[in-house]
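Read the structure below first, then the notes.
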Amino acid sequence: MRATIRTSVPDPETVARAVRPDNTDEMTTRVEEDAVATTIERETASGLLTTADDYVVNLTVATELIERTTDLQHTDHE
């Protein structure tokens with residue numbers, strides 16, 4: 001079984017670099033224009049669902065941290 005999750009994010013290169021270390025051997029993450037795309041291949045539907053769920057959590061955390069860091073870098077602290 002295979003699924004591809006494609007998510008538009010503000011900084012896809014940085015988000016992809018952040019989530020790749022958590023990929024298993026059955027996962028590939030790449031940048032497609034303004035999005036991060038990850039393909040997951042697993043033998044069972046339950047394995048695919050579990051891996052996809054873990055990936056979405058990692059993606060959400062990475063995206064939020066990058067957005068907050070970017071916001072802090074652009075804040076005027078005068």
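All of the numbers you see were taken from the coordinates with simple rules; none came from a lab. Computed from a predicted model, the values in this text were never measured in an experiment. So basically every Cβ, Gly included, is an ideal-geometry build from the backbone, and we count neighbours across all protein chains shown.
Given points 7 Å out from each Cα along the Cα-Cβ axis, report the ASP54 to THR39 separation in nanometres with one decimal.
Computed distance between label sites ASP54 and THR39 equals 2.0 nm.
Can you tell me how much longer the chain between ARG68 and ARG2 gets when fully stretched, taken as 0.36 nm per residue apart minus their C-alpha distance, in nm with one decimal?
20.5 nm
For every other residue with a beta carbon closer than 10 angstrom to the beta carbon of GLY47, add +1 if it is Lys or Arg and -1 if Asp or Glu, then tell me the sum.
Overall, the nearby charge balance is -2.
Within the set of other residues whose C-beta is less than 13 Å from the C-beta of VAL57, count the net charge using Lys and Arg as +1 and Asp and Glu as -1.
-4
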